[in-house]
Amino acid sequence: MKKIKKAVIPAAGLGTRVLPATKAMPKEMLTIVDKPAIQYIVEEAVNSGIKDICIILSRGKSIVEDHFDRSPELEIKLKNSGKDKALDEILGIANLANITYVRQQEPKGLGHAISCAKAFVGDDDFAVLYGDDVILGDYPCCRQLVDQYEKYGLGCVCMKEVPFEQVTRYSSLKVDLLENNVYKVSDMIEKPATKELAFSNFSILGRCVLPNEIFDILDKIPKGAGGEYQLTDAMKILAQTKGMIGVDFVGTRYDMGNKLGIMQAAVETAIKHNEIGEDFKAYLKEFVKTLD
Ligand code: UTP
């Protein structure tokens, strides 16, 4: 079995659910306290043993490239003013991973975004980390998938149960328990029209490991839900033919693609932050008393 050495981070979507913040600012660059969402995601890939990363961008998102690039003026300024800790941190971001950027010229959907990474991926199997899904925890979520891919030799998806009433907003998976938090996935549907059409309330959230044949499937699928090329429609064919593995992952997920998720990420990260954590917690305790 080949090791997973490459990851694709799709970050070319329009982020319409977070307007007006995302009119000029990519949602993937929205900060959780002091770090943009996409940096947490690149760090997760690196902590999962993956250093070759392709970020899919679109017009107006080159600020993402600047974030992971060297910044000579800033570095000189920090060096001359003795701010060594900040300097190390800035240099660390530029040296985090080997990052390649590819443009998706039109936002035709997540499936189309992944097919833009075909040349980067070559003949390998690879991980996908959605650019607006931050998942925090001691056991990196992407690593949890890679471990199951290495064990079962099948494509893997991260999943969680969502409230049944909301399943029409997500994907829905047909699953059978294999062991602990690991399931066999034999079918799936993207945004079922009614909850009666759902297989279960297990939904794919934010991460997958895909075999290379996904590119041939992506070339053939028609447009799906929302008039977009859906990655789920391609993975459905994989699940029905070879089967996939679903991992009910351990970790805390923040959906940076919606306003509530962004605020939950900010508050929960701020109370644990090494610089402002104690002060923020004290402020929050007082503030909560003023709420009815
Ligand atoms: P989403 O569907 O959440 O992103 O895709 P979106 O299209 O930006 O969302 P809204 O509905 O307009 O708010 C999940 C991930 O896939 C990327 C997004 O950037 C996000 O990180 N994506 C989505 C692409 O790269 N290209 C696309 O065409 C669509």
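The values are calculated or read from the model by the stated rules, or taken from the named source; none is laboratory data. Predicted, not measured: the structure shown is a model, and the values here were computed from it. With ideal geometry, Cβ positions are generated from the backbone for all residues, glycine too; neighbour counts draw on all protein chains shown. Heads up: the accessible areas ignore ligands, DNA and RNA and are worked out on the full protein's heavy atoms, side chains in. Shrake-Rupley method; radii C 1.70, N 1.55, O 1.52, S 1.80 Å.
From the set of residues in the range 177-212 that are in a loop (DSSP other than H, G, I, E, B) and under 18 Å from VAL250 (Cβ atoms), which is least open to solvent (accessible area, probe 1.4 Å)? Restricting to residues being in a loop (DSSP other than H, G, I, E, B) and under 18 Å from VAL250 (Cβ atoms), the top hit is ASN181.
In the range 60-73, what residues are in a helix (DSSP H, G or I) and surrounded by 13 or more Cβ atoms within 10 Å (Cβ to Cβ)?
Selection gives ILE63, VAL64, HIS67.
Screening GLN39 on (1) in contact (Cβ under 8 Å) with a residue 60 or more places away in the chain; (2) within 15 Å of the ligand (Cβ to nearest atom) shows it passes everything except condition (1). With respect to (1) surrounded by 17 or more Cβ atoms within 10 Å (Cβ to Cβ); (2) under 27 Å from ALA127 (Cα atoms); (3) more than 16 Å from the ligand (Cβ to nearest atom); (4) of a type outside the set (Asp, Glu), the lone exception for PHE280 is condition (2).
On the stretch given as the range 125-161, residues that are open to solvent by 10 Å² or more (accessible area, probe 1.4 Å) and either within 16 Å of the ligand (Cβ to nearest atom) or in a strand (DSSP E or B) (or both) total 6. Across the range 167-176, the number of residues qualifying as closer than 25 Å to GLY153 by Cβ and surrounded by fewer than 18 Cβ atoms within 10 Å (Cβ to Cβ) comes to 1.
Among the criteria (1) in a loop (DSSP other than H, G, I, E, B); (2) among the aliphatic types (A, V, I, L, M); (3) open to solvent by 70 Å² or more (accessible area, probe 1.4 Å); (4) under 18 Å from ILE214 (Cβ atoms), the one ALA119 does not fulfil is (1).
Taken over the range 21-35, residues that are within 13 Å of the ligand (Cβ to nearest atom) and open to solvent by 10 Å² or more (accessible area, probe 1.4 Å) amount to 7. Picking from residues in the range 1-20 that are within 11 Å of the ligand (Cβ to nearest atom) and farther than 18 Å from LYS108 by Cα, the one that is most open to solvent (accessible area, probe 1.4 Å) is LEU19. The set of residues in the range 97-116 that are under 17 Å from the mean Cα position of the chain (by Cα) and more than 15 Å from GLN230 (Cα to Cα) comprises ALA97, ILE99, THR100, TYR101, VAL102.
Take the conditions over 26 Å from ILE271 (Cβ atoms) and touching an Asp or Glu at 6+ places or on another chain (Cβ under 6 Å) and apply them to ASN80. Does it pass?
Numbers: over 26 Å from ILE271 (Cβ atoms): yes; touching an Asp or Glu at 6+ places or on another chain (Cβ under 6 Å): no.
Considered against the rule, which asks whether it is over 26 Å from ILE271 (Cβ atoms) and touching an Asp or Glu at 6+ places or on another chain (Cβ under 6 Å), ASN80 comes out as no.
Annotation: LEU291 fulfils all but one of (1) open to solvent by less than 50 Å² (accessible area, probe 1.4 Å); (2) out of contact with any strand residue (DSSP E or B) (no Cβ under 9 Å at 6 or more places or on another chain); (3) part of a loop (DSSP other than H, G, I, E, B); the unmet one is (1). Just give me the residues in the range 102-115 being touching a residue at least 60 places away in the same chain (Cβ under 8 Å), more than 8 Å from the ligand (Cβ to nearest atom) and open to solvent by 30 Å² or more (accessible area, probe 1.4 Å), in sequence order. The answer is ARG103, SER115.
For the range 232-263, residues that are under 20 Å from GLY109 (Cβ atoms), modelled with pLDDT of 95 or more, part of a helix (DSSP H, G or I) and open to solvent by less than 20 Å² (accessible area, probe 1.4 Å) total 4.
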